[in-house]
Amino acid sequence: MYLSMSSPQAVRFLALIREGRGLKPSARIAGVSKETGYRFLRERYLQQRRSGSDPAAALTNVGLTSSRVASWEARLNLDSRHHLRVELSVEDRFWSAFLAGASVEAA
């Protein structure tokens, strides 16, 4: 089951981390796996970074430092386009044609 950041488990886990508890005890108390805990931390870190926090401030707000931060930071610069994307210029031409009334095949 996928737990969202607004789930009671996520809220409790992140509160425990901010209190200074470790990853394993926080995950155990919140009833989630360590990997789910890391996902919560990553999502909270990325929220902080996207809202304008610098990396140090984002880590302070999250409440835990991890060796995974470098990979989280790399995700920050990825755009939200689909992984099977084409060149951006091709996508722009498609949407222009489609929004002008062309069919999907014609666009």
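Among the candidates L59, L46, L3, L84, which residue alone is within 16 Å of the chain's Cα centre (by Cα), modelled with pLDDT under 90 and part of a loop (DSSP other than H, G, I, E, B)?
Numbers: L59 fails: part of a loop (DSSP other than H, G, I, E, B); L46 fails: part of a loop (DSSP other than H, G, I, E, B); L84 fails: within 16 Å of the chain's Cα centre (by Cα).
Just a single option satisfies the conditions, and that option is L3.
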Taking into account only those residues within the stretch 7-21 that are among the hydrophobic types (A, V, I, L, M, F, W, C) and under 15 Å from R39 (Cβ atoms), which is surrounded by the most Cβ atoms within 10 Å (Cβ to Cβ)?
F13
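The values are calculated or read from the model by the stated rules, or taken from the named source; none is laboratory data. No experiment lies behind these values; they were computed from the predicted model shown. FYI the Cβ positions are ideal-geometry reconstructions off the backbone, even for glycines, and counts take in every protein chain you see.
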